[in-house]
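Worksheet for the structure shown next.
The values are calculated or read from the model by the stated rules, or taken from the named source; none is laboratory data. Just so you know, these numbers come straight off a predicted model, no measurement behind them. Backbone-built Cβ (ideal geometry, glycine too); neighbour counts: all protein chains shown. Surface accessibility is based on the protein's heavy atoms, side chains included, excluding ligands, DNA and RNA. Shrake-Rupley method; radii C 1.70, N 1.55, O 1.52, S 1.80 Å.
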Amino acid sequence: MDTKSTILKSALEALSVAAVVLSLIFVGLEVNESTRATRSATAAETTATVAEFYTSLGSDQQVGIMMRRYITDPHSLTLDERFQATMHLHALMLILQSSFYLEEQGTLTPQIRQSMTKAITSEPGIQYYWEQRKPIFVNEDFIAFMEQTLASEYMHSKDLYQTPD
């Protein structure tokens with residue numbers, strides 16, 4: 001093989017390597033963009049789901065009163081009302097559990113999940129719910145997270161959780 005052929009072969013190999021490197025860089029950029037798009041879509045969907053839940057509670061006066069009574073004193077409700085309120089709260093907990101999993105996977109940012117879990121307080125009804133429904137949750141990390149959240153002294157929206165007249 002002559003020198004010209006060797007140089008041409010080396011140049012083609014270098015060009016091939018450069019093309020592979022550029023392709024990998026492009027793929028990396030596309031993956032990053034896809035990850036951002038997935039996270040944005042997940043955050044929007046999660047927020048919409050929570051908003052829909054709260055809208056359904058806020059748009060029905062009877063359900064709103066029942067849930068406030070449940071949160072402040074679950075035993076003041078009839079058995080049927082307590083069941084209904086527990087199922088409403090369970091729907092919210094399933095949304096929170098899902099957001100917890102999505103955060104663990106890196107699909108949902110911690111800030112979105114944290115803002116959602118600020119809804120969890122240590123009010124008597126929330127404690128009652130957790131005592132009743134905790135056994136059906138199987139993810140130990142989520143259970144530990146809930147236990148820690150319920151043990152905190154954090155309280156918000158105190159005026160909202162007054163027992164209705």
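Return yes or no: is residue 69 open to solvent by 60 Å² or more (accessible area, probe 1.4 Å), modelled with pLDDT of 70 or more and of a type in the set (D, E, K, R)? Considered against the rule, which asks whether it is open to solvent by 60 Å² or more (accessible area, probe 1.4 Å), modelled with pLDDT of 70 or more and of a type in the set (D, E, K, R), residue 69 comes out as yes.
What residue, among those in segment 104-148 that are at pLDDT 85 or above and hydroxyl-bearing (Ser, Thr, Tyr), is farthest from residue 87 (Cα to Cα)? So, considering only residues that are at pLDDT 85 or above and hydroxyl-bearing (Ser, Thr, Tyr), the one farthest from residue 87 (Cα to Cα) is 128. Every condition in (1) at pLDDT below 75; (2) closer than 20 Å to residue 114 by Cα is met by residue 97 except one, and the failing one is (1). For residue 89, the conditions (1) more than 17 Å from residue 147 (Cα to Cα); (2) at pLDDT 90 or above all hold with the exception of (1). The set of residues from segment 108-143 being in contact (Cβ under 8 Å) with a residue 12 or more places away in the chain, open to solvent by 30 Å² or more (accessible area, probe 1.4 Å) and not small (Gly, Ala, Ser) comprises 109, 112, 118, 124, 127, 128, 132, 133, 134, 139, 141.
The numbered conditions (1) over 17 Å from residue 53 (Cα atoms); (2) open to solvent by 70 Å² or more (accessible area, probe 1.4 Å) are all true for residue 74 except (2). Would you say residue 26 is aromatic (Phe, Trp, Tyr) and at pLDDT 85 or above? So residue 26 does not fit the description; no. Considered as a group, the residues in segment 45-66 that are modelled with pLDDT of 80 or more and among the small types (Gly, Ala, Ser) include one that is surrounded by the most Cβ atoms within 10 Å (Cβ to Cβ), and that residue is 64. A Cβ distance below 6 Å, combined with a sequence gap of six or more or placement on separate chains, defines the contacts here; from segment 51-79, residues that are polar (S, T, N, Q) reach residues that are open to solvent by 70 Å² or more (accessible area, probe 1.4 Å) in the pairs 72/163.
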